[in-house]
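All remarks here apply to the structure that follows.
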Amino acid sequence: MSASTASDAAPETVAPSAPAPAVPAPADSGTTPTVAKTRHLVRWVVSAVALILLAQFAHGLATNPGWDWPTFAQYITAKSVLSALRVTLELTAWGTALGFLLGTALAIARLSNNPVLRVISWIYIWAFRSIPLIVQLLFWFDIAYLYQTLSIGVPFGPALFTFEVNGVISGFTAAVIGLALHQAAYSAEIIRAGFISVDSGQLEAAAALGIPRLRQFRTVVAPQAMRSILPNASNEVISLFKGTSIVSVMAIAELFYQVQVIYGRNGRVVPLLMVATVWYIVLTTGLSVAQYYIERHYAKGAHRTPPPTPLRRAWRRLREVAEAGPAAPRGATR
C-alpha cells in the first residue's frame with residue numbers, strides 16, 4: 001500500500017466571498033430635496049428699467065399740461081364724435097360683410113376647375129392688391145366724371161332703366177364700394193388659404209361615405225378651414241376698421257375727419273387726437289375679444305376640453321379664495 005501524499009490528505013479550502021456592497025439607507029420620505037434657484041440678475045435689471053420708464057411715461061401723462069385732459073374729457077363723449085363713430089362702424093360693417101362675401105366667391109372661383117373663372121379671379125386679386133386704397137376711393141368718389149348715367153338692360157342692346165350716377169352713388173356709398181372691393185382681394189386669399197389647409201384625404205373619406213358635397217363643405221371643410229381663416233381675417237377686419245380713417249379725404253364725417261374738423265376750429269390738436277386714439281383702442285379691443293371667443297368656438301373639434309376663459313379662471317380663483325376663508329393666526333390651537 002502506498003502512502004498518501006500531503007496534498008491528497010489536505011482538505012479543500014473555499015476562498016472567502018467578497019463583502020456585499022453597502023446599500024444606502026432609503027431617504028426619509030418626509031423630507032424634500034432642496035432645489036437651488038437660478039438667479040437672473042440681468043432679467044431683474046431689465047424689468048426694473050422697464051418699470052421706471054413706464055412710471056415716467058405715466059407721470060408725464062398725468063402732469064404734462066400739453067395733453068389737456070379737460071378738453072379730452074369734454075369731447076370724448078361729444079354728440080358729434082359719437083355720430084362720427086357710428087359712421088366709422090357702419091363703414092367697417094359694410095366693408096367687412098361685402099368684402100368677405102365677394103372674397104369667398106373669388107376664392108371658390110380660384111379653386112374651381114373652370115379656367116375662365118380662375119383667370120378672372122386671379123386678375124381681380126392682382127389688380128386690387130396693386131392699386132392703393134386711396135386711389136380706389138377717389139376713383140369711386142369721382143365716378144360721375146366718367147359715367148354721368150348708368151343703365152340696366154340687354155347687353156349691347158336697349159336699356160330698360162337709366163339713372164343718374166350722382167343721385168345713386170353718394171360719398172358714403174363710394175366709400176363702401178371702395179372699401180369692400182379692396183377688402184375682397186385680400187379676404188379671397190385668406191379664405192383660399194383656409195380651404196387648401198384642409199387635408200384632401202378627409203374629403204375623399206367623406207365622398208366615400210356618400211356625404212353630399214354641400215354637407216361636406218358645411219361639416220368637414222368649413223369648421224377646419226375657419227381655424228386657419230379666423231386669425232388672418234380678424235387682422236383684416238381690425239385693419240379695415242382703422243383704415244376707414246382714409247375716407248377723410250372724401251369729406252365723409254367719420255371719426256378721424258370729425259376730430260380734424262374740431263381741432264381745426266379750437267386748435268386743440270393733441271387732446272382731440274387722443275379722443276380718436278382712445279376710441280380706436282376701445283373698439284379694437286372689443287374686436288379682439290370677439291375674435292378670441294369665435295376662435296374658441298371653432299376650436300371645439302381640435303380640443304376636446306378647451307382651456308377656461310380668462311373670466312372663468314378669475315371666477316374660479318375668487319371662489320377658491322372665498323372658500324379658503326381668512327388664515328388662522330399662528331398661535332391658535334384647535
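The values are calculated or read from the model by the stated rules, or taken from the named source; none is laboratory data. Please read all numbers here as calculations on a predicted model, not as lab measurements. Neighbour counts are summed over all protein chains in view; Cβ atoms, including those assigned to glycine, are modelled from backbone coordinates with ideal geometry. For the accessible areas, the whole protein counts, side chains as well, though only heavy atoms, and no ligand, DNA or RNA atoms are used. Shrake-Rupley method; radii C 1.70, N 1.55, O 1.52, S 1.80 Å.
Most tightly packed first, judged by the mean number of other beta-carbon atoms within 10 Å of their residues, the peptides 79-87, 133-141 read 133-141, 79-87.
Here's how it looks for Thr149: its modeled amide H is under 5 Å from those of Val165, which are all 5 or more places away or on a different chain.
For region 158-317, the solvent-accessible area of protein heavy atoms averages 57 Å² per residue (probe radius 1.4 Å; ligands and nucleic acids excluded). Seen through its C-alpha gyration tensor, with square-root eigenvalues sorted a ≥ b ≥ c, region 117-183 comes out oblate because a/c lies at 1.5 or above while a/b is not bigger than b/c.
Normalised Debye scattering of region 31-144 at q = 0.20, 0.23 Å⁻¹ gives log10 I(q)/I(0) of -1.17, -1.27, counting only Cα atoms as equal scatterers and leaving out solvent.
Report the gain in length on full extension from Val249 to Arg86: 0.36 nm times residue separation, minus Cα-Cα distance, nm rounded to one decimal. Please list the in-between numbers first.
Numbers: separation 163, 0.36 × 163 = 58.68 nm, distance 1.81 nm.
Roughly 56.9 nm would be gained on extension.
Work out how much length Leu318 to Ser130 would gain on full extension: take 0.36 nm times their residue separation and subtract the Cα-Cα distance, in nm to one decimal.
Working: separation 188, 0.36 × 188 = 67.68 nm, distance 5.29 nm.
62.4 nm is the gain from fully extending Leu318 to Ser130.
When region 50-169 is described by a simple charge dipole with +1 on each Lys and Arg Cβ and -1 on each Asp and Glu Cβ, the residue from Trp122, Leu101, Leu111 located farthest towards its positive end is Leu111.
Just the accessible area per residue of region 81-147, please: how many Å² with a 1.4 Å probe? Before the final figure, lay out the partial values.
On the way: 4020 Å² over 67 residues.
Averaged over the residues of region 81-147, the accessible area is 60 Å².
Report the one residue of Gly210, Ala180, Ile169 whose Cα lies farthest in the direction of the positive end of the charge dipole of region 161-231 (charges on C-beta: Lys and Arg +1, Asp and Glu -1; origin at the Cα centre). Value: Gly210.
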